[in-house]
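The values are calculated or read from the model by the stated rules, or taken from the named source; none is laboratory data. Owing to the predicted nature of the structure, the values given are computational and were not obtained by experimental measurement. Neighbour counts are summed over all protein chains in view; Cβ atoms, including those assigned to glycine, are modelled from backbone coordinates with ideal geometry.
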Amino acid sequence: MFRVSQRENIVGFLFISPWILGFLLFTLFPMIYSFVLAFYDWNPFGSPVWTGVKNYITLFNDPLFWQSLKVTTIYSIGSVPLGLLVALLFAMLLNRELVGRGIFRTIFYMPSLVSGVAISVVWLWIFNSEFGLMNWILSKFGIKGPQWLMSTTWALPALIIMSLWGTGNSMLIFLAGLQGLPKEFYEVAELDGANSFQRFWKITLPLLSPSLFFNLVMGVIGSFQTFTQAYVMTQGGPLYSTLFYILYLYKNGFQYFKMGYASALAWVLFGIILALTLLIFKSSSIWVYYEAEVKTPEVKR
Amino acid sequence: MIIVQDITESSINKFLGRKSMRKLVGDIFCYILLISIGIAMLLPFLWMISSSLKSRGDVFIFPPEWIPKPIRWHNYVEAMTTVPFGRFIKNSIQITILVIIGQVVSSSLVAFGFARLRFIGKNILFMILLSTMMIPYHVTLIPLFITFRKIGWINTFKPLIIPAYFGSPFFIFLLRQYIMTIPLAFDDAAKIDGCGYFQLFYKIIVPLIKPVLITITIFSFLWTWNDFMGPLIYINDMEKFTVTLGLNLFRYSYGTEWHLLMAASTIALLPCLVIFFIAQRYIIGGIVLSGLKQ
């Protein structure tokens with residue numbers, strides 16, 4: 001007995017050893033390193049100088065740090081709830097038993113897979129104020145579109161609009177959730193005379209709250225890590241109106257070579273994300289509804 | 001009694017009639033919404049392709065023409081040769097293939113360990129693995145850069161490839177969830193036949209988890225192909241640029257050549273779109289699987 005489990009112990013560790021090594025080398029070690037770095041003036045070309053908590057003090061007095069936090073927060077508040085709403089609407093439309101919904105699912109989901117530089121470049125052209133697609137569509141409705149990415153007011157909303165285009169992942173999670181809802185609930189509610197609005201608020205939304213919870217957590221974490229769009233499309237401008245947190249971190253670390261300061265920024269971000277996630281988790285007991293009877297759908301293959 | 005029955009029957013009929021009428025109206029309304037949203041989703045792609053086939057001057061015609069006259073396929077040749085795009089594609093392919101191999105092999109080994117073997121501290125280690133998914137990638141960015149710089153890995157593909165061989169927490173999690181659904185009877189049968197753990201993994205489990213292996217291969221492809229920050233930080237020489245870096249270079253060097261920029265974007269997106277259409281169901285299955293962990 002003992003020998004068997006001893007063997008299994010060793011074999012088990014052998015199997016997971018790549019991850020253990022990777023965790024030590026590429027996560028734990030750099031995290032400790034980064035924590036230490038944040039207490040130094042660390043320029044990769046000179047020698048590091050111990051400065052204690054100076055980086056953190058500088059940070060709290062740095063208007064650009066607050067600006068980047070503000071930009072990222074506004075983006076998060078704008079894009080996450082709107083994104084969830086859009087994703088839920090799409091999922092509900094796709095959940096209806098209609099001919100050809102597979103094709104629509106493909107089309108709705110496609111944009112979320114192609115994020116990155118190429119799509120940022122395309123949106124840059126779409127938001128071109130003179131010859132872009134967006135202002136052409138608006139002109140069809142008699143609206144004279146703004147300068148979008150050249151405007152301090154409209155650059156951030158433009159990025160939020162762009163983010164709504166890529167809500168496919170949340171949509172799929174909602175769709176899976178919807179497909180797992182028991183049909184009997186709706187039949188009973190309908191016989192009781194509940195209208196579709198009531199059915200949505202009293203049945204769909206509570207039963208879907210676990211999916212909502214998952215999408216909310218992923219959405220918040222994702223929005224705080226926005227980088228590529230900002231780097232490619234605006235470089236944080238005009239006038240820092242799209243200076244996302246990670247972009248500011250990147251600039252400090254790799255353009256101004258203030259590696260210690262950038263590490264302090266990274267730890268503050270980590271703290272913020274941790275706090276937000278905990279907040280959502282803590283609050284979830286109030287608004288997330290788990291029912292043991294609701295079966296999670298099998299993944300169809 | 002009869003009257004009561006009549007009332008209920010007629011009310012049910014009325015109810016059903018109204019319902020089917022309402023359903024029809026609802027269906028039509030849904031189709032209108034689905035089609036308009038569908039168009040909105042496709043427009044950026046169509047706009048990109050349309051612009052990529054226009055001449056330099058036609059791009060700046062307002063209101064825009066959707067079907068360019070004449071269609072300039074030559075833009076694609078120009079986009080490929082203005083900057084060495086062929087070279088960038090080759091680099092991206094090389095990195096992507098090596099990353100996929102690394103992530104798929106290492107993640108499935110680790111996932112098997114977590115799903116099927118008993119060892120000390122397994123639960124704690126798995127909790128640590130899950131929590132590492134929450135750590136922003138950016139916390140480790142700067143120390144890793146400094147470390148890789150010290151060991152001379154800057155301006156090589158090594159920082160982009162080697163970490164992939166140590167498992168990816170998200171993939172490990174997905175695979176482990178899937179392996180847990182395979183009945184233990186398979187393992188017992190294999191053990192009775194004298195299979196060791198590695199044979200059990202290789203001969204029994206791997207064939208059974210093929211669908212998820214395909215899913216993670218695709219995710220791995222898409223994320224590596226589209227990765228921007230990694231190459232941006234570690235690669236300096238244009239010789240070693242990936243497609244994403246090349247596109248960014250293009251954007252800053254030829255920012256107003258929209259027709260060429262759109263052609264270059266189309267080239268960069270093409271592999272992702274092709275893979276998406278071929279393997280859509282695996283991608284969707286994977287996303288759904290990841291959302292069902294609660």
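Some observations on this one:
- Applying the criterion of at least 1 residues that are within 30 Å of A:Tyr248 (Cβ to Cβ), out of contact with any Pro (no Cβ under 7 Å at 6 or more places or on another chain) and among the hydrophobic types (A, V, I, L, M, F, W, C) to the helices (runs of 4 or more DSSP H) found wholly in the range A:155-225 leaves A:155-164, A:205-223.
Listed here are the residues, each with its yes/no results for (1) in contact with a strand residue (DSSP E or B) (Cβ under 6 Å, 6 or more places away or on another chain); (2) at pLDDT 90 or above.
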| position | (1), (2) |
| --- | --- |
| A:Gly237 | no, no |
| A:Leu249 | no, yes |
| A:Tyr256 | no, yes |
| A:Gly260 | yes, yes |
| A:Leu265 | no, yes |
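- Looking only at residues of the range B:171-186 that are surrounded by fewer than 17 Cβ atoms within 10 Å (Cβ to Cβ) and not β-branched (Val, Ile, Thr), we find that the one that is nearest to B:Leu130 (Cα to Cα) is B:Met180.
- For the residues A:Gly260, A:Gly253, the requirement of being under 29 Å from B:Leu232 (Cα atoms), facing another protein chain (nearest Cβ under 10 Å) and more than 25 Å from the chain's Cα centre (by Cα) singles out A:Gly260.
- Answer from A:Tyr231, A:Tyr186 - the residue that is surrounded by 16 or more Cβ atoms within 10 Å (Cβ to Cβ) and more than 19 Å from A:Val80 (Cα to Cα): A:Tyr231
- Listed conditions (1) facing chain B (nearest Cβ under 9 Å); (2) free of Cβ contacts under 8 Å to residues at least 12 places away in the same chain; (3) crowded, with 16+ Cβ neighbours inside 10 Å are all met by A:Trp154, apart from (1).
- Screening the range A:1-21 for residues that are among the aromatic types (Phe, Trp, Tyr) and surrounded by 14 or more Cβ atoms within 10 Å (Cβ to Cβ) and picking the one that is farthest from the other protein chains (Cβ to nearest Cβ) gives A:Phe13.
One line per residue, one yes/no per condition, for (1) at pLDDT below 90; (2) under 30 Å from A:Glu8 (Cα atoms); (3) not assigned by TED's automatic domain parsing to the domain that holds B:Ser106; (4) not in a helix (DSSP H, G or I):
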site	(1), (2), (3), (4)
B:Phe186	yes, yes, no, no
B:Ala190	yes, yes, no, no
B:Gly194	yes, yes, no, yes
B:Gln199	yes, yes, no, no
B:Ser220	no, no, no, no
B:Thr224	no, no, no, no
B:Gly230	no, no, no, no
B:Asn248	no, no, no, no
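- Out of A:Leu88, A:Leu98, A:Leu84, A:Leu93, sole residue that is within 7 Å of chain B (Cβ to nearest Cβ), more than 30 Å from B:Gly255 (Cα to Cα) and assigned to a helix (DSSP H, G or I): A:Leu93
- Of all residues in the range B:102-121, those that are at pLDDT below 90, facing chain A (nearest Cβ under 7 Å) and buried (at least 17 other Cβ atoms within 10 Å of the Cβ) total 2.
- Residue in the range B:126-185 that is farthest from A:Val36 (Cα to Cα), counting only those that are more than 12 Å from chain A (Cβ to nearest Cβ) and touching a Leu at 6+ places or on another chain (Cβ under 8 Å): B:Ile182
- Test: residue in the range B:92-102 that is within 30 Å of A:Ala38 (Cα to Cα), in the same structural domain as B:Gln199 (by TED's automatic domain parsing) and not aromatic (Phe, Trp, Tyr): no
This table checks each residue for (1) facing another protein chain (nearest Cβ under 7 Å); (2) out of contact with any helix residue (DSSP H, G or I) (no Cβ under 7 Å at 6 or more places or on another chain); (3) assigned to a helix (DSSP H, G or I); (4) modelled with pLDDT under 90.
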site	(1), (2), (3), (4)
A:Ala118	yes, no, yes, yes
A:Phe131	yes, no, no, yes
A:Met134	no, no, yes, no
A:Gly145	no, no, no, yes
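- Tally of residues being without any contact (Cβ under 8 Å) to a residue 24 or more places away in the chain and surrounded by 12 or more Cβ atoms within 10 Å (Cβ to Cβ) across the range A:25-48: 9
- Residue among B:Trp66, B:Trp73 that is over 30 Å from A:Leu21 (Cα atoms), touching a helix residue (DSSP H, G or I) at 6+ places or on another chain (Cβ under 6 Å) and surrounded by fewer than 15 Cβ atoms within 10 Å (Cβ to Cβ): B:Trp66
- Yes/no for A:Ile161 being more than 8 Å from every other protein chain (Cβ to nearest Cβ) and either at pLDDT 85 or above or over 22 Å from A:Leu243 (Cα atoms) (or both): yes
- Some residue of the range B:79-97 being surrounded by fewer than 17 Cβ atoms within 10 Å (Cβ to Cβ), in contact (Cβ under 8 Å) with a residue 40 or more places away in the chain and part of a loop (DSSP other than H, G, I, E, B): yes
- For the range B:201-212, residues that are surrounded by fewer than 21 Cβ atoms within 10 Å (Cβ to Cβ) and touching a residue at least 40 places away in the same chain (Cβ under 8 Å) total 2.
- Counted residues, the range A:22-37 - those being over 17 Å from B:Leu160 (Cα atoms) and at the interface with chain B (Cβ under 7 Å from one of its Cβ atoms): 4
- Some residue of the range A:66-76 being more than 11 Å from chain B (Cβ to nearest Cβ) and more than 23 Å from the chain's Cα centre (by Cα): no
- If the condition is being touching a strand residue (DSSP E or B) at 6+ places or on another chain (Cβ under 7 Å) and either away from chain B (no Cβ under 14 Å) or closer than 12 Å to A:Lys258 by Cβ (or both), then the range A:38-65 contributes A:Tyr40, A:Asp41, A:Pro48, A:Val49, A:Trp50, A:Thr51.
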